[in-house]
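The next block holds one structure in the form of structure tokens; read it before the comments.
Rule-based calculations on the coordinates, nothing more; no lab input. Note that the structure is predicted; figures quoted are calculated from it, not measured.
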Amino acid sequence: MQGVEASINHIGDKQNFVLQVNSQAKNTALKDFVAKNGRGTHAQLAAASFDTKAADPEAEARRVVQEIKEQSKSKLG
């Protein structure tokens, strides 16, 4: 999606996923979100941590995706 960036960083047993919206977003809801919540040209839309030592990595991945979806929906309406 244009105007949305994802970053991943690894800290210990966690991989942290951050979804940001930038000022180049074309979608009206995303542009409004940056205008209201941004620091400069970016605004954090969602973040979640993946436990790299989870007993069931697939379930952990589904949990992270669901968490990011829920955060995004709640912030964008």
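Considering only Asn27, Asn16, Asn37, the Gaussian network model of the chain with Cα springs below 10 Å gives its largest mean-square fluctuation to Asn27. The relative contact order of the chain, computed from alpha carbon pairs under 8 Å that lie at least 6 residues apart in sequence, is 28 percent. 3J(HN,Hα) along the stretch 10-16: 10, 10, x, 8, 10, 10, 9 Hz, from the Karplus curve 6.51 cos²θ - 1.76 cosθ + 1.60 with θ = phi - 60°, whole Hz, x for Gly and Pro.
Given H placed on each backbone N at 1.01 Å, which residues far from Phe50 in sequence or on other chains put an amide H within less than 5 Å of it? Placed amide hydrogens put Gln15, Asn16, Phe17 under 5 Å from Phe50. Here the scattering of the chain is modelled by Debye summation over its C-alpha atoms, one equal scatterer each and no solvent; at q = 0.26 Å⁻¹ the log10 of I(q)/I(0) is -1.14.
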